[in-house]
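A.B. asks: Here it is, the structure, as structure tokens.
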């Protein structure tokens, strides 16, 4: 599946507004783009930075009883 780096980058900005399944799917897409050597280095760096920020916010989030984090 080919996805645009712009779409992946934009999706990572909405991780906190979507359900956990959609969030996991967006993260998987980001990992696929990061592993794709055909994607330009600036795009991969931008996506990696945004994913890292999202992961950091997730780590700081208070865990509720139903969360597996």
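A.B. asks: Can you tell which of 53, 31, 17 shows the greatest fluctuation in a Gaussian network model of the chain with Cα springs below 10 Å?
C.D. replies: Maximum fluctuation in the GNM of the chain, among the listed residues, is at 17.
A.B. asks: At each listed q (0.13, 0.21 Å⁻¹), what is the log10 of I(q)/I(0) that the Debye formula gives for segment 5-60 modelled as equal alpha-carbon point scatterers?
C.D. replies: At q = 0.13, 0.21 Å⁻¹ the computed log10 ratios are -0.28, -0.70.
A.B. asks: Using a basic spin-label model with each label point 7 Å from the Cα along Cα→Cβ, how many nm lie between residue 59 and residue 7?
C.D. replies: The answer from the label model is 3.0 nm.
A.B. asks: Relative contact order for the chain: what percent, with Cα pairs under 8 Å and sequence separation of 6 or more?
C.D. replies: This gives 36 percent for the chain.
A.B. asks: Springs between alpha-carbon atoms under 10 Å, Gaussian network over the chain: tell me which of 48, 24, 59 tops the mean-square fluctuations.
C.D. replies: Maximum among the listed residues: 59.
A.B. asks: Now for a separate question. Helix 20-35 versus the longest principal axis of the chain: what is the Cα-based angle in degrees, 0 to 90, to the nearest 10?
C.D. replies: For 20-35 against the chain, the angle is about 30 degrees.
A.B. asks: Most fluctuating residue of 19, 36, 49 in a GNM of the chain with Cα springs under 10 Å: which is it?
C.D. replies: Top of the fluctuation ranking is 19.
FYI, it's all coordinate maths here, none of it is from the lab. Values in this document were obtained by computation on a predicted structure and should not be read as measured data. Quick reminder, even Gly has a Cβ in these numbers, built from the backbone with ideal geometry, and neighbours come from all protein chains shown.
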